[in-house]
Amino acid sequence: MFAAPPGEVRNLAMDVQPLLDPGHPLQQVEVELNGTDIGSVFLTERRWTPVQFKLPPGILQGENTLSLRLPDAHSPPASTDTRLLGVAIRKFA
């Protein structure tokens, strides 16, 4: 959850880096804000990638819930880490 900044916000921007390996050459990131799908992106390079989504007018509220669906999340290969991982997020604005 996050509070909306003052003024009109038109875009949601993030810098993300996908977990990729030979068995998982892409990561799909599906983004939902306050129960509304605002877009998705397919990441195929293991590097920090800026992504941006246009926000529908009026979608932001006093408190907002951002959800990421990561259908290609997986455990890192050759690791004892059993968590399902998809992307790292370095910046959110």
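Tabulated data
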| item | result |
| --- | --- |
| Amide H contacts of Asp72 (H built 1.01 Å from N, under 5 Å, at least 5 apart or other chain) | Gln28 |
| Per DSSP, loop chymotrypsin sites (Phe, Trp or Tyr not before Pro) in segment 43-93 with at most 10 further Cβ within 10 Å | none |
| Accessible area per residue, Å², the chain with all protein chains present, probe 1.4 Å | 64 Å² |
| About the Cα centre, charge dipole magnitude for the chain (Lys/Arg +1, Asp/Glu -1 at Cβ), debye | 220 debye |
| Loop-resident sites, the chain, for GluC sites (Glu not before Pro), counting at most 15 other Cβ within 10 Å (DSSP) | Glu8, Glu45 |
| Distance cut-off 20 Å, percentage of C-alpha pairs in the chain lying past it | 40 percent |
| Pairwise label distance in nanometres, Phe42 with Arg69, each label 7 Å out on the Cα-Cβ vector | 1.7 nm |
| Zone residues, segment 65-80, relative to Met1, backbone N less than 20 Å from point 7 Å out along Cα-to-Cβ | 65-69 |
| HN-Hα J in Hz across segment 23-40 - Karplus 6.51, -1.76, 1.60, θ = phi - 60°, x for Gly and Pro | x, 9, x, 8, 10, 9, 10, 9, 10, 10, 10, 6, x, 10, 5, 10, x, 8 |
| Within the accessible area of the chain (1.4 Å probe), percent carbon and sulfur | 53 percent |
| Interchain or long-range residues, amide H under 5 Å from Val87's placed H | Leu19 |
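The values are calculated or read from the model by the stated rules, or taken from the named source; none is laboratory data. These numbers come from a predicted model, not from an experiment. All Cβ positions, even for glycine, are placed from backbone atoms using ideal geometry, and neighbour counts span all protein chains on display. Ligands, DNA and RNA are stripped out before the accessible areas are found, and what is left, the full protein with its side chains, is counted by its heavy atoms. Shrake-Rupley method; radii C 1.70, N 1.55, O 1.52, S 1.80 Å.
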